[in-house]
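Have a look at the structure below, then the notes.
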Amino acid sequence: MKATGPLVSVVDDDESVRESLPDLLRELGFTPQAFSSAEEFLDSGNVGGTQCLILDVAMPGMTGPELQRELTLRGHPIPTIFITAHKDDFVRARLIDQGAVECLFKPFNDAALHEALTLALRKT
Amino acid sequence: MQPMRASCNSISTNSFEGITPMITQPATGNDGWTGYSQLASSGNKAANTATADLINILDALDVPIVVVRCDFVVAGFNKMAADMLGLSSSDLGRAPGTNAVLAGLSRLEEQCNQVIATGSEASANFRHENKWFVVRVAPYSSGGRQVTGTVLTFSNVTAFRASIDQAIYEREYAKGILNTVSHPLLVLSADQRILSGNRSFYAMFQVSRDETQGLTIYELGNGSFELSTLRIQLKEMVEGSGTFRPLEVDYASRGNAQKTLLIDARPLSLPGHSERRLLVTFQDITARKQAEAVERNRAQEKLRHTEAFLAEAQHLSRTGSFSWRAETDEITWSEQLYRIFEFDHDVPITLELIGTRIHPEDRPLLEDMIDRARVAGADLEYEYRLLMPDQSLKYLHLIAHGIQDKDGRLEYIGAVQDVTQRRLSEEALTKARSELAHVSRVASLAALTASIAHEVNQPLAGIITNASTCLRMLAADPPNIDGARETARRTIRDGNRASEVITRLRALFSKKAVTIEPVDLNEAAREVIAMSLGDLQRNGVVLRVELADELPRVGGDRVQLQQVIMNLLRNASDAMRNVDDRRRQMTLRTASDEDHHVRLTVKDTGVGFGSQETERLFDAFYTTKSDGMGIGLSVSRSIIENHNGRLWAKANDGAGAAFCFSIPEYSGEEAAARISGQARLSLTRSGRIAEELS
């Protein structure tokens, strides 16, 4: 187990993502943390330490893009990779315009994720 | 007896000389001839006999005869004179005036003297009691030229006088009537000259009797009556042939007033007159004619107004009207109908001419309509198109009602409305609506797809992520077997989740709950036909409907069954869309089927299908149409199967195909049998996707 990699926080209301993605991130050498909602993440105290955010777009309560805006407002912008089960190129382009590193459509492969993470961490 | 006067003696003695009465007293017993008898008795036997003869003859006459001598005394009288005038022998030798009756002849003596003096006859009228006589005073001469007395004969003219009086009375009576009659009357001679007129006649024509004497009727009133119709008729009447048909003649009176006279005539046959006369009557009908004219004008004005009103209404509503005699093909069109068809008003309308304007694709509709009209006499309602010379289209809606006249001939009265604008806007609306429907269908399909994708992508994301992790764990050195096992387990779990999503989706799109009720398939079909008729007619489809009598009712969901019928009609209509070389004939038939089933068949003459395709027809998404979804028949079959029935197709012997379904009759047990199905359906509808979509 390598637990020394950069802290990557996963925020998704889908349980299967919260279960599977941290294992993959760990395999890729990151330190993962999973949250079921934006509010849970904001209250977790890990906001400052998170170097990359993997964020579901559509969630009950605060949505992914709203969380991203909130972090910018608080002065803690975090490089963000959006993930969504709605394949919509228009939404993807807009999210990238608004500062997202990448927007991956579920299901995505590990290579695409790794590439996006590399890109995100280079930004910091 | 008084002796004769001396001055006459010689004469009178002479005059009776030679008369020898054979007998002293005549057989009749009249003593009026006493003197003659006495004189005659001295004569010879022959003279005696002659005197007796004369006396007998005179006594036998029924005319009273009195002989008066020149000295104005009665010389003799016959028996009739004795009977009627009451003369007796005592009157002989006395003046006639001594007789009470003869005293009534006041101027007798004067007249007798005149006759004696002149030798010529005189006469006088004489009335005795109720009788009239004409007394003839004739000269009496005894052989020589000298008149020596008079002979009075009394002719009874009572009856004659009475008839004259009657005639005078009748004439005055008739004249009175004629002059009282307000209608002018005119009597014409055979050559139509005016003989006389009544007072009204002279008053009306403002002429006098003298002015018109000898004129012909044709010269009256400035020649107003110089008419060949009058001439011919009067002539025929004179010739005794034909009856007069009253004539109306316009006539300007002397006061220059325009009058209309009704002339009538009758032949006047007078007994004893061979010449025919004509009675002509004039009736002044000016007032009546004027009233008629006013009434006619009023009626015409009203008619004109009504016609204008109708024409305007037809123009505004773009509706023309027509009548059509089905037997003779006599067709009458209103002005507006000419305008709609753009035919000249003087063109005689025939079915052939109408056919030239009908859109070629709609001609079978026209033929069908004509066939139906001729045979059935049913009311007609059709929609068809006109193809105008400039290639523009007109859409017409025809309604006609057949009526039979008293001879049983069929006539259609109908209206044709130009519904082009409405149809175009309807088509635009339909197009917009179908585009909208398509858009919304695509939109909802997109939303549905997205929703399905989302639901499936979530577990897929888990599966792929887990599988990737698994591979990486196995590829590690040393391999992380426990981790790989865990991720593989999660992969299976996510795979099951994806499968559940698909199951829920299938449940969502399976059937809805059905309402089972007894359904009259004929009635259900009729409703669908009513809804589809416009579409069918627009596609040039001729529909024959053959609904079985006393068809048993089936058990089912009326709306779903109607959807199936509608779908079959649409399919059949679509299959014939490109058929131009034959009639686009569709037949909808219902019939009882074996095993307590009811069958409905929709047969077309469309493009049909190869036999190897018949089963594929019912696969979802299979279609022979370029713009079809291919869902219709598959849905129809699932509906019919849900009714425990069967839906199948077969190719016709000729062109086209037939689609049939057969479902069980209603028995009352279906409702219970189908409830379990509904319960199952409502369970599967509780899935998450259904909630999201609802």
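So the values come out like this:
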| item | result |
| --- | --- |
| Region B:260-280: number of residues that are in a strand (DSSP E or B) and either out of contact with any strand residue (DSSP E or B) (no Cβ under 8 Å at 6 or more places or on another chain) or at pLDDT 85 or above (or both) | 12 |
| Single residue of A:118, A:50 found to be among the hydroxyl-bearing types (Ser, Thr, Tyr), modelled with pLDDT of 90 or more and over 11 Å from the mean Cα position of the chain (by Cα) | A:118 |
| Residues located in region B:476-490, provided they are in a helix (DSSP H, G or I) and either more than 9 Å from chain A (Cβ to nearest Cβ) or surrounded by 22 or more Cβ atoms within 10 Å (Cβ to Cβ) (or both) | B:481, B:482, B:484, B:485, B:487, B:488, B:489 |
| Qualifying residues in region A:75-124 (those that are in a loop (DSSP other than H, G, I, E, B) and touching a Leu at 6+ places or on another chain (Cβ under 9 Å)) - the one farthest from the other protein chains (Cβ to nearest Cβ) | A:77 |
| Test: residue in region B:434-452 that is under 27 Å from residue B:328 (Cα atoms) and either within 14 Å of chain A (Cβ to nearest Cβ) or modelled with pLDDT under 80 (or both) | no |
| Filter pass, residue B:233 being part of a strand (DSSP E or B), in contact (Cβ under 8 Å) with a residue 12 or more places away in the chain and touching a strand residue (DSSP E or B) at 6+ places or on another chain (Cβ under 9 Å) | no |
| Per-region count, region B:281-291, residues within 18 Å of residue B:257 (Cα to Cα) and either outside any helix (DSSP H, G or I) or under 25 Å from the mean Cα position of the chain (by Cα) (or both) | 6 |
| Filter result for residue A:40 (more than 30 Å from residue B:482 (Cβ to Cβ) and either exposed (fewer than 14 other Cβ atoms within 10 Å of the Cβ) or of a type outside the set (Lys, Arg) (or both)) | no |
| Scope region B:79-91; condition buried (at least 22 other Cβ atoms within 10 Å of the Cβ) and over 18 Å from residue B:132 (Cβ atoms); matching residues | B:79, B:87, B:91 |
| Residues (touching a strand residue (DSSP E or B) at 6+ places or on another chain (Cβ under 9 Å) and more than 17 Å from residue B:247 (Cβ to Cβ)) located in region B:202-218 | B:207, B:209, B:212, B:213, B:214, B:215 |
| Given (1) more than 7 Å from chain A (Cβ to nearest Cβ); (2) closer than 18 Å to residue A:113 by Cβ; (3) buried (at least 20 other Cβ atoms within 10 Å of the Cβ), index of the condition residue B:469 fails | (1) |
| Verdict on residue A:49 being away from every other protein chain (no Cβ under 13 Å) and either surrounded by fewer than 18 Cβ atoms within 10 Å (Cβ to Cβ) or in a helix (DSSP H, G or I) (or both) | yes |
| Check on residue B:523, acidic (Asp, Glu), part of a helix (DSSP H, G or I), more than 14 Å from chain A (Cβ to nearest Cβ) and more than 30 Å from residue A:83 (Cβ to Cβ) | yes |
| Tally, over region B:104-141, of residues that are of a type in the set (Lys, Arg), exposed (fewer than 14 other Cβ atoms within 10 Å of the Cβ) and either in a strand (DSSP E or B) or outside the structural domain of residue B:69 (by TED's automatic domain parsing) (or both) | 1 |
| Any chance residue A:63 is of a type in the set (Ser, Thr, Tyr), within 14 Å of chain B (Cβ to nearest Cβ) and under 27 Å from residue B:449 (Cα atoms) | no |
| Among the residues listed as A:16, A:9, the single one being away from chain B (no Cβ under 14 Å), crowded, with 16+ Cβ neighbours inside 10 Å, among the hydroxyl-bearing types (Ser, Thr, Tyr) and under 26 Å from residue B:494 (Cβ atoms) | A:9 |
| Top-ranked residue in region B:537-586 [being of a type outside the set (D, E, K, R), in contact with a Ser or Thr (Cβ under 6 Å, 6 or more places away or on another chain) and not in a loop (DSSP other than H, G, I, E, B); ranked as surrounded by the most Cβ atoms within 10 Å (Cβ to Cβ)] | B:564 |
| Those residues of region B:196-218 which are surrounded by 15 or more Cβ atoms within 10 Å (Cβ to Cβ), closer than 24 Å to residue B:275 by Cα and not polar (S, T, N, Q), in sequence order | B:197, B:201, B:217, B:218 |
| Filter result (within 20 Å of residue B:269 (Cα to Cα) and among the acidic types (Asp, Glu)) within region B:209-259 | B:236, B:239 |
| Residue in region B:491-508 that is farthest from the other protein chains (Cβ to nearest Cβ), counting only those that are of a type in the set (S, T, N, Q) and surrounded by fewer than 19 Cβ atoms within 10 Å (Cβ to Cβ) | B:503 |
| Test for residue B:144: is it of a type outside the set (A, V, I, L, M), assigned to a loop (DSSP other than H, G, I, E, B) and not assigned by TED's automatic domain parsing to the domain that holds residue B:266 | yes |
| Filtered residue count, region B:474-506, keeping only those that are at pLDDT 90 or above and either closer than 14 Å to residue B:453 by Cα or within 60 Å of the chain's Cα centre (by Cα) (or both) | 0 |
| Candidates B:59, B:71, filtered to the one that is modelled with pLDDT of 75 or more and either buried (at least 20 other Cβ atoms within 10 Å of the Cβ) or outside any loop (DSSP other than H, G, I, E, B) (or both) | B:59 |
| Residue that is nearest to the other protein chains (Cβ to nearest Cβ), among those in region A:23-46 that are among the hydroxyl-bearing types (Ser, Thr, Tyr) and not in a strand (DSSP E or B) | A:36 |
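The values are calculated or read from the model by the stated rules, or taken from the named source; none is laboratory data. Given the structure is predicted, the values throughout are model-derived calculations rather than measurements. Using ideal geometry, Cβ is built from the backbone for each residue, glycine included, and neighbour counts are taken over all protein chains shown.
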